[in-house]
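Beneath this line is the structure, given in structure tokens, with notes to follow.
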Amino acid sequence: MTRSSIRYSANSGQSNCFWLPRWWGGFEGNTLYGGVYKTVQFGTFESEPTQRDLEVRKLFVEAGFKIRVQKDPHSWLWNHFALNVAMEIEVLKSGSFKKVISSPEALAGIGRNMKELIPILKAKGSKLDILTRVVSTLPPSVVGFLMSNIVYSPKSMPYALVEHNHFKVGYAVQEVISEARKHGIKAPRLYAVDSLITE
């Protein structure tokens, strides 16, 4: 799970492609802790990438990044967004990203949250990707075990980066709550954190 910086094509009047460098981090006092992953996600909402899109991909490759092209950017963005929301629900309950990644039970909650978010993804016309299927299908206890011992092991890079993230969560969760209510979807875990969201 990462926070992502979304960039759109700068062509006048057009926003037909995106690229997302994956990064995590945050400030502790006056010190910035953070990192950027080597893989950059690309996607285009046109049938073929534009010349500008191809030029940007080339720039990232020349800078040492790996390129991964998403063939269904709409679904990929929604799955990515949902996974972030699943974690942010636990952050609202626990109080911080560090507390979530330090707790197998909170990490297991991400799996439980994803189960509730799937009907919302389907209502938005999104196809479920492999990660979404795995996280929502495995027993929550298994998700918690795998995340706490592999993904967010205390000595791992993801743990080192996420523990310094003090991003204020809530906006994305509120957006998904609104979508769930609009479609009449039952999501008790999602609705339970509504009162924890502050301006």
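Looking only at the range 75-91, decide whether some residue is open to solvent by 30 Å² or more (accessible area, probe 1.4 Å) and either at pLDDT 95 or above or among the charged types (D, E, K, R) (or both). I'd like the intermediate steps shown before the answer.
From the range 75-91, those open to solvent by 30 Å² or more (accessible area, probe 1.4 Å) are 76-78, 80-81; that's our starting set.
Among the residues that remain, those that are also either at pLDDT 95 or above or among the charged types (D, E, K, R) (or both) are: none.
No: the range 75-91 contains no residue that is open to solvent by 30 Å² or more (accessible area, probe 1.4 Å) and either at pLDDT 95 or above or among the charged types (D, E, K, R) (or both).
Output the residues belonging to the range 25-35 that are more than 14 Å from S96 (Cα to Cα) and open to solvent by less than 30 Å² (accessible area, probe 1.4 Å).
Correct list: G35 only.
What residue, among those in the range 92-101 that are of a type in the set (G, A, S) and touching a residue at least 12 places away in the same chain (Cβ under 8 Å), is surrounded by the most Cβ atoms within 10 Å (Cβ to Cβ)?
S94
Of everything in the range 39-86, what is in a helix (DSSP H, G or I), without any contact (Cβ under 8 Å) to a residue 12 or more places away in the chain and of a type in the set (D, E)? Give them in sequence order. Steps first, answer last, please.
Quick first cut of the range 39-86, residues in a helix (DSSP H, G or I) only: 51-62, 73-86.
So of that shortlist, the ones also without any contact (Cβ under 8 Å) to a residue 12 or more places away in the chain come out as 51, 54-55, 58-59, 61-62.
Those that are in a helix (DSSP H, G or I), without any contact (Cβ under 8 Å) to a residue 12 or more places away in the chain and of a type in the set (D, E): E55, E62.
Find all pairs meeting these conditions: Cβ atoms under 6 angstrom apart; at least six residues apart or on different chains; first residue within the range 132-155 and farther than 22 Å from E116 by Cα; second residue modelled with pLDDT of 95 or more and in a helix (DSSP H, G or I).
Y152/I101
Quick one: which residue in L146, L128, L107 is touching a helix residue (DSSP H, G or I) at 6+ places or on another chain (Cβ under 9 Å), open to solvent by 60 Å² or more (accessible area, probe 1.4 Å) and closer than 21 Å to R22 by Cβ?
On the way: L128 fails: open to solvent by 60 Å² or more (accessible area, probe 1.4 Å); L107 fails: open to solvent by 60 Å² or more (accessible area, probe 1.4 Å).
When all the criteria are applied, what remains is L146.
Answer with yes or no whether N113 is part of a helix (DSSP H, G or I) and surrounded by fewer than 19 Cβ atoms within 10 Å (Cβ to Cβ).
Considered against the rule, which asks whether it is part of a helix (DSSP H, G or I) and surrounded by fewer than 19 Cβ atoms within 10 Å (Cβ to Cβ), N113 comes out as no.
The values are calculated or read from the model by the stated rules, or taken from the named source; none is laboratory data. On a predicted model such as this, the values are computed, not experimentally measured, just so you know. No Cβ is skipped: glycine too gets one built from the backbone with ideal geometry, and neighbour counts run over all protein chains shown. Just the protein is used for accessible areas: all its heavy atoms, side chains included, with ligands, DNA and RNA removed. Shrake-Rupley method; radii C 1.70, N 1.55, O 1.52, S 1.80 Å.
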